[in-house]
């Protein structure tokens, strides 16, 4: 296990370094003069020079890169001009809202997907199975910027149970969480079905039945326990999809998380903040994937020895 | 039942491609024609799907919007397949340092969840058709490279490949004549699902205001409609349906093709 953990940790280093490098060069991809783009063409030369110096853009690219890396190791992501505060601070203020939304979306997805996937596997090739999988396909094809407005029309306007937008109280979380969770529910239910079907064919299941165990016990103790291992892994890996889905969902519902912060930063050409958001979201994703892999290896010894 | 879904997917896509190709001929109005008196009018005889905020005909805009979706889908998937197959076969066949380098690049690109990087690239470069295609292609090839590499690793030591090498076939010939034909099935299946993903991603970028600006797109129409859900729900309804049907069509077809081309899934 130790060797596996060490290997997995080592593999993260080049990925993170590559990621940071790409994010650094994002600002250098801006066509024309970034300072002019940020301040507008009518800006005073003195202001432009000031900003250029503040951003370190008057320095050679190599030096800027080293400074950027140095700043990162100290948790310094630069300053946002729009908020006039350190980028890290602005992002941290928005983290709780996004985490809350992501967890709620995950819960909704699991609540829908597990029963759906298990039932359709146990009733393979029946109407129930076909219906459930058609529903799952619909769910994957439903963009969340379309499901969101539909839910708003239905449950915030026609039948006003939930608020249209914003983040105030638990009621305001319901529609965004359903919007975010649906696509994941679709993916998870297909995964759950496939996994349960696979385990059902295992010899230990036949053996359990041969020993005369009641079917209920076979399913609960022998099938589901083993079938859930890959499903849990997929849940971890799909957390990234949830994060990027959150960008759109937050925009639809004006949810004050990192997604709306990121889109706002793009619109106001607040490039340090754009960089910070991209970096934060992707690093969160890398860390969650890492944890998922390690947990997977801990509960399933086969993985460690591959 | 599975076969039926695949066929219905193919029919949806064929119709859509036809609509996109003949857009100028079949659209009842010029999609940019403004008619301020028809502002937010609901569907009527003259305008079967109603009119938008500037009185533009929604049906005509939807028909022209199909062009952007199909064009972006085809171009991005085409680039992704070509580059991904090239990189994947290079990594799988060459192995060693080349394989390592390519796979590290793949790892880095996969470390950005979903369309985050595409949003960042179009956000920084500015919204345009070209930048949308660029941003989605930068990420699109990665999946194909991984797929092809994995497939090639699993078949390159098989007898028929060894036989070809034994009779003196060079690496290029082995890749093109013996390896690639055997990985094309899964690539075609993934490309079909890829089309669904790219069209959804383009619509997402357009929804966020990062898509092409001078032509109607479904994503941008949906975004505009989201402001009028209360008074004019038809603005958001039709582009939403169009996106969903298109993506569903490609997913149906992908499922159908996978059942056909991959006997393991039967």
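Observations on the structure shown:
- Structure-based [θ]222 nm, chain B - -39500 (n - 2.57) summed over DSSP H runs of at least 4, per residue, nearest 500: -23500 deg cm²/dmol
- Shown is the FRET efficiency for residue A:93 and residue A:170, computed with R0 = 30 Å from the Cβ-Cβ distance and rounded to the nearest 0.05: 0.90.
- 0 to 90° range, to nearest 10: angle between helix B:96-110 axis and chain B longest Cα axis: 20
- Inter-probe distance in nm under a simple model that places probes 7 Å from Cα toward Cβ, at residue B:18 and residue A:103: 5.2
- FRET efficiency estimate (nearest 0.05) - Cβ-Cβ, residue B:188 to residue A:82, R0 35 angstrom: 0.15
- Area projected by the alpha carbon convex hull of the protein assembly as shown, averaged over all directions, nm²: 31.5
- The fraction of all Cα pairs in region A:2-73 landing in successive 5 Å bins from 0 to the largest distance is 3, 13, 19, 18, 14, 11, 7, 5, 4, 3, 2, 1, given as whole percents.
- In degrees, nearest ten, helix A:239-253 long axis to first principal axis of chain A (Cα): 70
- Helix B:116-125 vs. chain B, principal-axis angle (Cα, 0 to 90°, nearest 10): 70
- Helical mean residue ellipticity (222 nm; -39500 (n - 2.57) per DSSP H run of 4+; nearest 500) of chain A: -24500 deg cm²/dmol
- Each listed q (0.08, 0.11, 0.15, 0.18 Å⁻¹) maps to a log10 I(q)/I(0) for region A:89-299 from the Debye sum over equal C-alpha point scatterers, namely -0.34, -0.61, -0.98, -1.22.
- Once the Cα gyration tensor of region B:143-266 is diagonalised, semi-axes √(5λ) in Å: 44, 16, 9
- Relative to its residue count, region B:41-178 spans a Cα convex hull of 157 Å³ per residue.
- Given R0 = 45 Å, the distance between the Cβ atoms of residue B:53 and residue B:163 translates into a calculated FRET efficiency of 0.10.
- Extension gain for residue B:105 to residue B:25 (0.36 nm times residue separation, less C-alpha to C-alpha distance): 24.3 nm.
- For region B:150-210 versus region A:48-103, the inter-centroid distance based on Cα atoms is 40 Å.
- Whole-Å distance, taken between Cα centres, linking region A:250-306 and region A:110-137: 30
- Label-point separation in nm, residue B:98 to residue A:161, each point 7 Å along Cα→Cβ: 5.9
- Residue A:1 versus residue A:69: modelled label distance in nm, points set 7 Å from Cα along the beta carbon direction: 3.4
Values in this text are rule-based calculations from the coordinates and carry no lab data. Since we're looking at a predicted model, the values are computed, not measured. Note that each Cβ is placed from the backbone with ideal geometry, even for glycine, and that neighbours are counted across all protein chains shown.
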